[in-house]
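The values are calculated or read from the model by the stated rules, or taken from the named source; none is laboratory data. Model, not experiment: these values are computed from the prediction. To get the accessible areas, we keep the full protein, side chains included, count just its heavy atoms, and leave off ligands, DNA and RNA. Shrake-Rupley method; radii C 1.70, N 1.55, O 1.52, S 1.80 Å.
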Amino acid sequence: MSLLSRFFYKRPPDGLLELSDRVYVFDSCFTTEVLPEDIYQLYLHEIINELNEEFPESSFLAFNFREGEKKSQFAKILCEYDVTVMDYPRQYEGCPLLPLSLVHHFLRVSESWLSLGNCQNVVLLHCERGGWPLLAFVLASFLVFRKLHSSERKTLEMVYREGPRVENKPDLLDFSKDLIHLEPASKIQLKTLAEEMQAVSKGLEKVEQELTAAENDGAVSSGFRKVLKSFHHTAEAEVRSLINLYSEVGRNADSLSQYFGEDPARCPFEQVTQTLVVFTKMFNKAHNENEQLAEAEKKKLEKEALKEQAAAAANSPAWKESPVRKEGIDALRAKINSRNQKQAS
């Protein structure tokens with residue numbers, strides 16, 4: 001089957017990168033440069049015209065991860081060619097990700113589209129400036145969903161090769177420095193906090209009950225009542241402040257789950273923080289390994305370059321006729337002759 005696919009393979013039009021069969025990505029998504037409006041229009045027109053020539057029997061569906069709510073220039077141009085365009089936000093709450101509901105919707109729609117039209121339909125993927133991290137996630141999700149595991153490495157290499165260089169944004173790899181409190185936070189158990197909060201509230205209630213009972217004792221407990229009343233006044237203010245702080249902690253914990261598109265009831269604070277800790281450690285480990293491999297590769301290339309330079313110098317006519325080379329050869333011959341004479345005697 002793979003041999004037949006090679007015979008009938010159609011090269012994607014210029015300006016598109018092939019993700020899998022009938023799924024293409026606009027290469028403009030992997031650059032930080034902004035094309036002038038007239039050049040961008042020409043770029044899109046040429047790609048769509050070539051697509052129509054290459055796939056005359058196919059229908060096209062384009063997924064665009066856009067910025068803002070306005071209809072994008074990309075959508076306007078593609079609609080001129082009767083290309084169906086589906087817009088998705090390129091971020092959620094300021095983060096380059098989508099809620100799981102939108103990811104699931106994208107996967108289902110793309111799968112359904114590719115299975116229609118006698119399996120000749122084509123999917124196009126596009127993101128506006130700054131959206132390539134989300135696009136990379138969507139591409140990987142699509143391959144996993146369709147169980148195209150053999151293409152995952154190809155996709156990651158494509159994203160790495162075509163994506164903006166990390167040298168231009170080195171701070172992207174240092175995000176863990178902003179999460180110095182993540183590991184201590186992962187050890188917090190909100191259930192334990194709730195139990196302790198309940199115990200504090202019950203303790204205050206007991207103080208109030210004791211104060212009421214002391215007031216009924218009359219003058220015999222006036223001193224005790226005075227001290228207890230002062231303590232109750234201070235403790236009540238402290239407990240009220242603690243309740244407000246606990247409520248704020250609960251809201252922030254829920255916001256963290258919602259930030260990643262999760263339901264706090266199904267994905268609680270503890271699970272989110274533990275997942276982030278594991279991800280951060282794995283990311284830093286992979287980054288360190290990549291740096292070590294890059295350094296080893298650099299040294300290997302330098303060594304090979306030195307060998308090539310030495311070989312080129314050794315084979316050059318100037319080196320062969322140089323006095324230094326002749327003196328070295330004469331000295332070596334003299335040394336060999338001297339050793340042979342000693343062995344003979």
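Surface calculation, 1.4 Å probe, protein heavy atoms: Lys281 sits at approximately 120 Å² accessible. For region 39-143, the calculated P(r) over all alpha carbon pairs, in 10 Å bins from 0 to the bin holding the longest distance, is 13, 45, 35, 6, 0 percent.
If you model region 169-290 as an ellipsoid using its alpha carbon gyration tensor, with each semi-axis the square root of five times an eigenvalue, the axes come out at 48, 14, 11 Å, biggest first.
With 18 Å as the limit on Cα-Cα distance, the pairs of Lys177/Lys298; Lys202/Lys226; Lys206/Lys229; Lys187/Lys281 that go past it are Lys177/Lys298; Lys202/Lys226. For region 201-269, the equivalent ellipsoid derived from the alpha-carbon gyration tensor has semi-axes of 42, 11, 5 Å in decreasing order. Against the criterion of solvent-accessible heavy-atom surface with a 1.4 angstrom probe, Met282, Met86, Met197 sort, most first, into Met282, Met86, Met197. Computed with every protein chain present, the accessible area of His181 is close to 130 Å² [probe 1.4 Å].
Counting only protein chain heavy atoms and rolling a 1.4 Å probe, the accessible areas of Thr273, Thr31 rank, largest first, as Thr31, Thr273. Exposure check, 1.4 Å probe, all protein chains in place: Arg251 carries approximately 140 Å² of accessible surface. Ordered by 1.4 Å accessible area with all protein chains kept, Ile243, Ile47 run largest first as Ile243, Ile47.
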